[in-house]
Amino acid sequence: MLSRMKHDLPSPKKQKGSLMIPRPSTSRGADQSPSRLFCFCRMKASIALIVSLLAAMASSKRIHFKKQTLQSSCVRCCGPLEKPMYLYGLSSSQRMASDHPTYPIPEIKPKIDMTILKGSKGEKGERGMPGKIGKAGPNGSIGLTGIKGDKGQAGIPGHNCKQHYAAFSVGRRKGIQSKELQPQLIFDTEFVNLHHHFNMFTGRFYCYIPGVYFFNLNVHTWNFKETYLHLMHNDEEVVILYAQPSDRSIMQSQSVMLDLSENDEVWVRLYQENRENAIYSGAGDIYITFNGYLIKAAVESG
């Protein structure tokens, strides 16, 4: 290689600007020959050329690497409110891997001015079907009292209605004893007998108006004799009027209210037993009375 470089390289005397290297001195002090000095200079020039070529190659590689780095890195080429355009083609993972800050992609929302598209008002359409009935609202408040109207005409005459009054009050002037074998008490004096609902011959009250009635029985006891009577509803004993034998006679009373139906009967019966049963009454005075009257009718007609 050195022999080839000898022929290719120019002579140091003819080349301008060539480096002149002084001949090194030796410890022996012997001078080297001119041919050896010329070979040494040419070898130095070859080495310098090789070094310069290597340096140029290294510089070109650095420039190529720098271009690749600039292409893969983020370079701010716009304002802070603008977005770099080359990041739009990268994925989210590539943006996150980059050392440079990323910016969100702006969302574009088109707005349409409806006043431009709005047309003129159309004609009124046909009447639709009625809707469902809604829920009833709350009751309203009571209004003011109206003006009194004119008197109306007389109505059609109604049907004849039954009497709604019934009352009687009867008495007995003569005393009675059980040995006379008269179990039903008969009265001989009539004080009140509306519509003759009380029969004086049978001694019974007959119900013609159903409803609630009040009855009362008053007697005077006989000395040393027992007084024992029943107030009867049809054939059923309802209440008892009783007084024990005593050396003094007293007035005794019994009252009751009954709910009667039509044709029911109410009367007084003496209780018959082996012992004496008596009630007292004088010839001029009345000590025995039987009373009754209607309190409320069962059905009231208009």
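The values are calculated or read from the model by the stated rules, or taken from the named source; none is laboratory data. Just so it is clear, the model here is predicted, and its values are computed rather than measured. Note that each Cβ is placed from the backbone with ideal geometry, even for glycine, and that neighbours are counted across all protein chains shown.
General observations
- The combined condition, being touching a Phe, Trp or Tyr at 6+ places or on another chain (Cβ under 9 Å) and without any contact (Cβ under 8 Å) to a residue 40 or more places away in the chain, is fulfilled by I240.
- Per the conditions (1) touching an Asp or Glu at 6+ places or on another chain (Cβ under 8 Å); (2) over 21 Å from L294 (Cα atoms), the sole criterion not satisfied by L270 is (1).
- Test: residue in the stretch 222-232 that is part of a helix (DSSP H, G or I) and either closer than 20 Å to M251 by Cα or touching a residue at least 60 places away in the same chain (Cβ under 8 Å) (or both): no
- Scan of the stretch 201-215 for residues that are in contact with a Ser or Thr (Cβ under 8 Å, 6 or more places away or on another chain) and part of a strand (DSSP E or B), ordered by number: F214, F215
- Filtering the stretch 237-255 to residues that are assigned to a strand (DSSP E or B) and hydrophobic (A, V, I, L, M, F, W, C) leaves V238, V239, I240, L241, A243, M251.
- So I286, is it buried (at least 16 other Cβ atoms within 10 Å of the Cβ), assigned to a loop (DSSP other than H, G, I, E, B) and not small (G, A, S): yes
- For R173: the one exception among (1) more than 16 Å from I288 (Cα to Cα); (2) among the basic types (K, R); (3) surrounded by 12 or more Cβ atoms within 10 Å (Cβ to Cβ): (1)
- The stretch 256-276, residues that are surrounded by 14 or more Cβ atoms within 10 Å (Cβ to Cβ), part of a strand (DSSP E or B) and within 60 Å of the chain's Cα centre (by Cα): V256, L258, L260
- On inspection, D259 passes the criterion of being within 30 Å of H164 (Cβ to Cβ) and modelled with pLDDT of 95 or more.
- Boolean, Y213 is touching a Gly at 6+ places or on another chain (Cβ under 8 Å), surrounded by 12 or more Cβ atoms within 10 Å (Cβ to Cβ) and either closer than 19 Å to G171 by Cβ or not basic (K, R) (or both): yes
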